[in-house]
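Read the structure below first, then the notes.
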Amino acid sequence: MSIRERMSGNEAVAFGIKQVNPDVMPAFPITPSTEIPQMVSTFIANGEIDTEFIPVESEHSSMSATIGASAAGARALTATSSCGLAFMWEELYIAASDRLPLVLCLVNRALTGPININCDHSDSMGARDSGWLQVYAENNQEAYDNFLMAYRVTEHKDVKLPMMVCQDGFITSHAVENINLLETETVRKFVGNYEPENYLLNSDMPMAIGPYANSPFYMETKMNQRLAMKNAKKVILDVCNEFAEISGRHYGFFEEYQLSDADYALVMIGSAAGTTKDAIDNLREAGIKAGLLKIRVFRPFPDEEIAAALKHVKVVAIMDRSEGFSATGGPIGAEVKAALYDAGADVIAVNYFYGIGGRDYTVEDAEAIYQELIEIGNGTKKPEQFKYIGLRK
């Protein structure tokens, strides 16, 4: 039975953590993720869960302690945002290469500089090649659901990779929405107990984690990480199917909204998808075949699946909420274009940047983008790559 509740995204994730009751949570506060460890520490202080909370002196230390706890055999997690993730940089690669199934609750916020506390995806997109799985939420419900599924994926014997569970800072993290919670007993049965096969405190199986590996071994480590990332695709879909059975909510690599017959489509990640859906509804009423592909799983990147979903579209706008300073576009733009090219899809693809540093993205902005796609499709407008939406004149 589901429980109807009103919660912010941070509250929803913290409540999910309470239901899972992990073994260890080191954390250091940073806006806008601070509420997550704050709420979890309150649950612990009130005796509602028995997670070991470790206050540390920095984000680098919080990830270091999370790595140590996970390597020792504990179910561990931490939370951070923006510059906190950047401060963890070295440790991100260590966690992934050590194949540790830990979870990072990341509340997306723009990276400095200049200093900005609002939402964009520069923090997680900057870490996209660190070897972590990445899943993104459009709303508070998805933030909660994504966390509940995370350990089932990371702890799978064919994966053993850490995962970032991402949500948009302030937009979902602090906004209150109606959501449906699962019963705690249902959650714990779904997530299960963590019983690692190998861990540092297992006296019957001595092992090393994070040893020195020179050239005869390093490349094989990376190949094994790639294979695990590939394996994660099937595991993610399997876990999504199991979650649908207990929740009635269906997830996959991405969501297709009015996409099956669309001539013009947007591809994006996160909360702005909801704004775009409103624009699509308006355009559909006017007879314009607009659609959306909202990416949920960015790592592993579902290239073949995305290309197949977009192959019938005339023109697609790929929307990035972070800069890549690349001649081939933003992080999402470059990867979706490559997927379309590899699949031989005859689709005109245009890359846009929006919402950087928290800049507003409105229904009117989305409708204007679709209008540009129509003009590009009929040849009256030349595609302008890497255009900023909402840029001040």
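We did not get these values from a lab; they are worked out from the coordinates using the rules stated. Every value quoted in this text rests on a predicted model; they were computed, and no experiment measured them. Note that each Cβ is placed from the backbone with ideal geometry, even for glycine, and that neighbours are counted across all protein chains shown.
Looking at the range 159-266, the GluC sites (Glu not before Pro) that sit in a DSSP loop and have at most 10 other Cβ atoms within 10 Å of their own Cβ are GLU197. Counting only DSSP beta bridges with both residues in the chain, the antiparallel share comes to about 25 percent. The stretch between MET223 and ARG4 holds 74.4 nm of extra length on full extension. This uses 0.36 nm per residue minus the Cα-Cα distance. Here is how the number arises for the chain: DSSP H runs of 4 or more residues each give -39500 (n - 2.57), the sum is divided by the residue count, and the result at 222 nm is -13000 deg cm²/dmol.
Look at the dipole of the range 147-241 built from charges on Cβ: of ILE179, ALA213, ASN193, the Cα furthest out on the positive end belongs to ALA213. Bridges between two residues of the range 254-388, per DSSP, are antiparallel at a rate of about 20%.
For the range 287-393, the set of chymotrypsin sites (Phe, Trp or Tyr not before Pro) satisfying both a DSSP loop assignment and a count of at most 12 other C-beta atoms within 10 Å is given as PHE325. Label the chain by shape, choosing from rounded, prolate and oblate, from the square roots a ≥ b ≥ c of the eigenvalues of the Cα gyration tensor; if a/c is under 1.5 it is rounded, and otherwise prolate applies when a/b is larger than b/c, oblate when it is not. Here the chain falls in the prolate category.
Quick one: grab the alpha carbon gyration tensor of the range 254-388, order the square roots of its eigenvalues as a ≥ b ≥ c, and give me rounded if a/c is under 1.5, else prolate or oblate depending on whether a/b is larger than b/c. Cα axes put the range 254-388 in the rounded bin.
For trypsin sites (Lys or Arg not before Pro), no site in the range 251-342 is both called loop by DSSP and has at most 12 other Cβ atoms within 10 Å. Put +1 on the Cβ of each Lys and Arg and -1 on the Cβ of each Asp and Glu in the chain; which of ALA345, GLY390, LEU111 then has its Cα farthest toward the positive end of the dipole? My answer, from the dipole projection, is ALA345. Let me know the shape class of the range 246-314, please: from the alpha-carbon gyration tensor, a ≥ b ≥ c as square roots of the eigenvalues, rounded when a/c is under 1.5, otherwise prolate if a/b is greater than b/c, or oblate. Verdict is oblate for the range 246-314. The antiparallel fraction among DSSP beta bridges confined to the range 240-305 stands at about 40%.
A simple charge model with +1 on the Cβ of Lys and Arg, -1 on the Cβ of Asp and Glu and nothing else charged puts the dipole of the chain at about 600 debye relative to its Cα centre. Too long at a 20 Å Cα-Cα cut-off: which of LYS18/LYS234; LYS294/LYS337; LYS160/LYS234; LYS18/LYS157; LYS157/LYS230? Flagged as over cut-off: LYS18/LYS234; LYS18/LYS157.
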